[in-house]
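Quick notes on the structure that follows.
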Amino acid sequence: MSKKNVFDVLKERGYLAQVTHEDEVRELLGNESVTFYIGFDPTADSLHVGHFIQVMVMMHMQKAGHRPIVLVGGGTGMVGDPSGKTDMRKMMTLETVEHNCQAFQKQLSRFLDFSEGKAVLVNNADWLLELKYVDFLREIGVHFSVNRMLTAEAFKSRMEKGLSFLEFNYMLMQSYDFLALNRGYKAKLQLGGDDQWSNIISGVDLIRRADGNSAYGMTFKLLTTSAGIKMGKTEAGALWLDPEKTTPYEFYQYWRNIDDADVKNCLALLTFLPMEEVEILGNLKDEKINDAKKVLAYEVTKVVHGKEEADKAVTATEALFGKGGKGAEVPGTTISKNKFHENRNIIDMLSLLELISSKGEGRRLIQQGGVYINDERIDSIDYTLNESDLEDGSLMIRKGKKVYHKLMVE
């Protein structure tokens, strides 16, 4: 049986949004090892789940024998991409950008094989920060039509509030990245989220105009719910890939609790399960869809955090939902006996553990039946915790259906 063309794999799994030359790209990916690149601007010191679609695509491509270039935007990060933004991004210092780039490299090496040139990591600061302005305008700026640039979605959405000249340059810089990688690494293909389409086709066009070479672009659907809302937002903020920012348990719980309508799409995009299995799991109905959610949560957590952490998350969840959380590895706090006695009122304790933002919120939660101690609902705002609530020196607090917190007293 012949190996499946990775283009067909990406299409079947639902990644593809737009392609510059579909037939040519498919043929290229089926006939040779293609060097391609994806850019990540270092706006934080960790990638989040919104980036994970791109990471999955790079893994699929590398498994099929193609060479990924991970481009970290040490140069473009100094400007900021206006795509999908209604306001100008905050300016970052060179030190912050450099720190974030290093964090990305460490994180991405968990997903990609960088040995013997199988994948390459480059920083566009290496060429962008050395550019001479007049030379850049003469060599690169001459190929860009301002009229055409203003029709790009990235800019159109900003015209009412105002678009700075700084940001207007972003498209030129990203296009120049593609040209630099085409010249230095023979990169023929740029990939990215669908919000990058304008920037990508500008790079393809620049390579053709400046050097007469063929280049291609391909974008992927953004990770959204069936209602079109971006996924990966939690009460605590973004769903990060860094276990220090989002614990593997919290990460697992996010996928365990997504809407039924989003399960199939997430199984296809965020796991390596065969599509036959994705179809079966994604089409389960009613209570049975929970079985698919368990598979999804486990598989995504395994890819991001490894099998050991995924197994721990499953064990913790089973302990929580089965036996009130005894022995479960869930977020927790250890306090002294004195601290326990000083904060025995349930609202004081919720406040101490930062499970509520105000005492008013705590009162409302309890009145609505949303607070549990060891799976027993608390009915009174005057409830006082005592020694009998502690089992082996700990107790489990539950807020609503999904937030668990283990309190340990020593």
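The values are calculated or read from the model by the stated rules, or taken from the named source; none is laboratory data. The structure presented is a predicted model; accordingly, all values stated were derived computationally and were not measured. Reconstructed Cβ throughout: ideal geometry from the backbone, glycine too, with neighbour counts over all protein chains shown.
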* To do: With a cut-off of at least 1 residues that are buried (at least 17 other Cβ atoms within 10 Å of the Cβ) and modelled with pLDDT of 85 or more, name the helices (runs of 4 or more DSSP H) lying wholly within segment 322-410.
  => 346-352, 359-367
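For every residue, the table says whether it meets (1) small (Gly, Ala, Ser); (2) outside any loop (DSSP other than H, G, I, E, B); (3) out of contact with any Phe, Trp or Tyr (no Cβ under 8 Å at 6 or more places or on another chain); (4) surrounded by fewer than 18 Cβ atoms within 10 Å (Cβ to Cβ).
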position	(1), (2), (3), (4)
3	no, no, yes, yes
8	no, yes, yes, yes
23	no, yes, yes, yes
27	no, yes, yes, yes
37	no, yes, no, no
43	no, no, yes, yes
52	no, yes, yes, no
62	no, yes, yes, no
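The rows are residues; the columns are (1) of a type in the set (D, E, K, R); (2) under 14 Å from the mean Cα position of the chain (by Cα); (3) outside the structural domain of residue 301 (by TED's automatic domain parsing); (4) part of a strand (DSSP E or B).
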site	(1), (2), (3), (4)
196	no, no, yes, no
201	no, no, yes, no
205	yes, no, yes, no
210	no, no, yes, no
213	no, no, yes, no
228	no, no, yes, no
242	yes, yes, no, no
246	no, yes, no, no
251	no, yes, no, no
* Of all residues in segment 202-222, count the ones that are touching a residue at least 40 places away in the same chain (Cβ under 8 Å) and crowded, with 20+ Cβ neighbours inside 10 Å. => 8
* From the set of residues in segment 230-240 that are in a loop (DSSP other than H, G, I, E, B) and at negative phi, which is modelled with the lowest pLDDT? -> 235
* **Which numbered condition residue 154 fails, given (1) touching a Ser or Thr at 6+ places or on another chain (Cβ under 8 Å); (2) at pLDDT 85 or above; (3) assigned to a helix (DSSP H, G or I)** => (2)
* In this structure, does residue 13 turn out to be of a type in the set (D, E, K, R), closer than 28 Å to residue 265 by Cβ and touching a residue at least 60 places away in the same chain (Cβ under 8 Å)? -> yes
* Filter result (part of a helix (DSSP H, G or I) and out of contact with any strand residue (DSSP E or B) (no Cβ under 9 Å at 6 or more places or on another chain)) within segment 103-132 -> 103, 106, 107, 115, 116, 126, 127, 128
* **Pairs where the first residue, in segment 58-79, is under 20 Å from residue 28 (Cβ atoms) and free of Cβ contacts under 8 Å to residues at least 40 places away in the same chain and the second is surrounded by fewer than 24 Cβ atoms within 10 Å (Cβ to Cβ) and of a type outside the set (Asp, Glu), C-beta under 6 Å, 6+ apart** => 65/33
* Enumeration of residues in segment 342-393 that are on the phi > 0 side of the Ramachandran plot and under 32 Å from the mean Cα position of the chain (by Cα) -> 354
* Out of 178, 136, 114, 104, sole residue that is of a type in the set (Phe, Trp, Tyr), within 14 Å of residue 41 (Cβ to Cβ) and at pLDDT 85 or above -> 104
* Asked: How many residues are surrounded by 12 or more Cβ atoms within 10 Å (Cβ to Cβ) and outside any helix (DSSP H, G or I) if we restrict to segment 258-291?
  -> 7
* Taking residue 296 as the residue in question, decide whether it is modelled with pLDDT of 95 or more, surrounded by 19 or more Cβ atoms within 10 Å (Cβ to Cβ) and under 26 Å from residue 58 (Cβ atoms). => yes
